[in-house]
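Student: A single structure is presented below for examination.
Just so it is clear, none of the values below were taken in a lab; they were calculated from the coordinates. Quantities reported herein were computed from a predicted structural model and do not represent experimental measurements. Positions of Cβ are generated from backbone atoms using ideal geometry, with glycine treated the same way; all protein chains shown enter the neighbour counts.
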Amino acid sequence: MLNIILIGAPGSGKGTAAGLFKVEWGMVHLSTGDLLRSEIKKGSELGRFAASFLESGRLLPDEVMMQIMAERIRQPDARQCGVLYDGFPRTLAQAEAFDRMLAEHRQRVDGALMLDVAEEVILSRLTARRVCQGCGAVYNAIDRRPRQEGVCDQCGGAVVQRPDDTQETVRRRIATYEHDTLPVIEHYGRQGVLLKVNPGRELSTVVPAIRAWAQGLLDRRE
Ligand code: G5P
Ligand code: MG
């Protein structure tokens, strides 16, 4: 059972990379952003609490996130396969608490993959991004459109723009990332589990390097 973390600025391609590698590596994709958006859609208590944080691009409190994750990793799917964590942990406090939580289950963070993408690429991507409200599949209004406008190729759900993909909120999310999440990267660097890649505009350019790194992790697990 492997635990791999995907780290990167908003729009760096974490969800896109997870979509590709979860199949290849037989892992569960756990995106905290998707999880919160689905609670908002359901109108649950957590969803009502989370809505204003997501809309404004601020992070939810660490204690709330840790409670959500403690429950989530007890689910059977997360216990059977490896997990690709997308968007978690994103503060140093979350990373340290997560290390302790995994240690209780005799596990650890095996790898942390950082997608280092330039801000200009991020800004142009996020205003063009479209996502499926049903399964979370990621599209792009310019060069990755669903076959039928507004309908997900994978599940037939509605493909829409995320409310936090406006210029102003994206800038806030980038600032939050630089302030709160860069220390998480240093944390995993110190643990010796970090792979930092620069995909430029295309993730495909770094896929071979990521595959080789992940193969090393999988081999060590055998
Ligand atoms: P999220 O949902 O985690 P962000 O801001 O971290 O949100 P985001 O926006 O989901 O990250 P991403 O997943 O890194 O970005 O990027 P993506 O969706 O895969 O790709 C972006 C666009 O670029 C898409 O249109 C895609 O098609 C295109 N693209 C990607 N790669 C390529 C490529 O190689 N080539 C081309 N041509 N296009 C590409 O978090 C949202 C909120 O939830 C809360 C916070 O409020 C947060 O703001 N939250 C938390 N709060 C506290 N603690 C946590 N741990 C939290 N997690 C979430
Ligand atoms: Mg995402």
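Student: Looking only at Cβ-Cβ distances, which cysteines of the chain have no other cysteine closer than 4.7 Å?
Tutor: Cys81
Student: Using the alpha-carbon centroid of each, what span in Å lies between the range 203-220 and the range 1-52?
Tutor: Comparing the Cα centres of the range 203-220 and the range 1-52, I get a distance of 21 Å.
Student: What net charge do the residues around Thr166 carry, taking every other residue with its C-beta under 11 Å from that of Thr166, with Lys and Arg at +1 and Asp and Glu at -1?
Tutor: Residues near Thr166 contribute 0 overall.
Student: Using only the Cα atoms of the range 66-222, what do you get for the radius of gyration and for Dmax, in Å?
Tutor: Cα radius of gyration and Dmax of the range 66-222 are 17.4, 46 Å respectively.
Student: Could I ask something else about it? Taking the Cβ of His187 as the center, what net charge do the other residues with Cβ under 10 Å away carry, scoring Lys and Arg +1 and Asp and Glu -1? Working shown, then result.
Tutor: Working: positive: Arg190; negative: Glu96, Asp99, Glu186.
Neighbour charge sum, excluding His187 itself: -2.
Student: If you don't mind, another one. Compute, for the chain, the length of the dipole vector about the Cα centre, with Cβ point charges of +1 (Lys, Arg) and -1 (Asp, Glu) only. Units Debye, rounded to 20.
Tutor: Dipole of the chain, to the nearest 20 debye: 340 debye.
Student: On a C-alpha basis, how far is the centre of the range 141-187 from the centre of the range 85-117 in Å? Whole number, if you could?
Tutor: 21
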